[in-house]
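Have a look at the structure below, then the notes.
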């Protein structure tokens, strides 16, 4: 169980993470959603012990990292796929997995079983002997994810895992995140893509400038902060947009006054939630 308890981290005058608190629930995909520079990667690095908080406590398995006599054991229960690809490009995909598996103490048949399982998980078995420099961007991203789970951790942290990949590769990564959840893993997933958080995450923490703005399930966030949706209508006079919380009633009112040739309702989403909470667009 990962817990952030009033955690802050500064770099000089920049407060990258500011009084951040959250607690993971069993078997969930937990999203950290915010624009670039919001503090997501800093939070991830504190979660795995690469950075120490200036204030507050990060706890895993009910003990603080900095006061935990079982810290090394607990860190072996964490797996990190960083935003920057962390692979050795001049060796094969299988040998990358073997190398990182050995770092986690795997040897012999246990290691080879995990290598085979992770290659299958990432759909890279057929190219396991190819050097990573010959992999496509999507293949490297999948291998990056496979390395994070080579030691079968309880908690997997994925920092912007779809950056720079095409839509097909993004969908392949989505499927693997869902497989991790189905296998009972806890997953922390950082992204600045609203549609990723809506598809994958059981709960989402919206972060801006290091501060937690809201935390809940996606439907609850939209209900609380989404505001009205938009009914887009095309008539003989052209296209118009109407904010509404009751699109059927709004459409009926419009149809009573003019002929509607086409209409589309755009419900509020996490992009709208972020705009309403912060006053700016998610990707500003």
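The values are calculated or read from the model by the stated rules, or taken from the named source; none is laboratory data. Worth saying up front: this structure is predicted, and the values here are computed from it rather than measured. Cβ: placed from backbone, ideal geometry, glycine included. Neighbour counts: every protein chain shown.
Among residues belonging to the stretch 174-194 that are within 11 Å of the chain's Cα centre (by Cα) and in a helix (DSSP H, G or I), point out the one that is surrounded by the most Cβ atoms within 10 Å (Cβ to Cβ). Among them, the one singled out is 177. Among the residues of the stretch 128-138, those that are at pLDDT 95 or above and within 16 Å of residue 165 (Cβ to Cβ) comprise 132, 135. Looking only at the stretch 115-130, count every residue that is without any contact (Cβ under 8 Å) to a residue 40 or more places away in the chain and within 16 Å of residue 81 (Cβ to Cβ) and tell me the total. So the answer is 3. Against the condition modelled with pLDDT under 90, buried (at least 17 other Cβ atoms within 10 Å of the Cβ) and either outside any loop (DSSP other than H, G, I, E, B) or touching a strand residue (DSSP E or B) at 6+ places or on another chain (Cβ under 9 Å) (or both), how does residue 74 come out, does it pass? Against the criterion (modelled with pLDDT under 90, buried (at least 17 other Cβ atoms within 10 Å of the Cβ) and either outside any loop (DSSP other than H, G, I, E, B) or touching a strand residue (DSSP E or B) at 6+ places or on another chain (Cβ under 9 Å) (or both)), residue 74 qualifies. Residues in the stretch 252-284 that are without any contact (Cβ under 8 Å) to a residue 24 or more places away in the chain, under 26 Å from residue 221 (Cβ atoms) and outside any loop (DSSP other than H, G, I, E, B): 275 alone.
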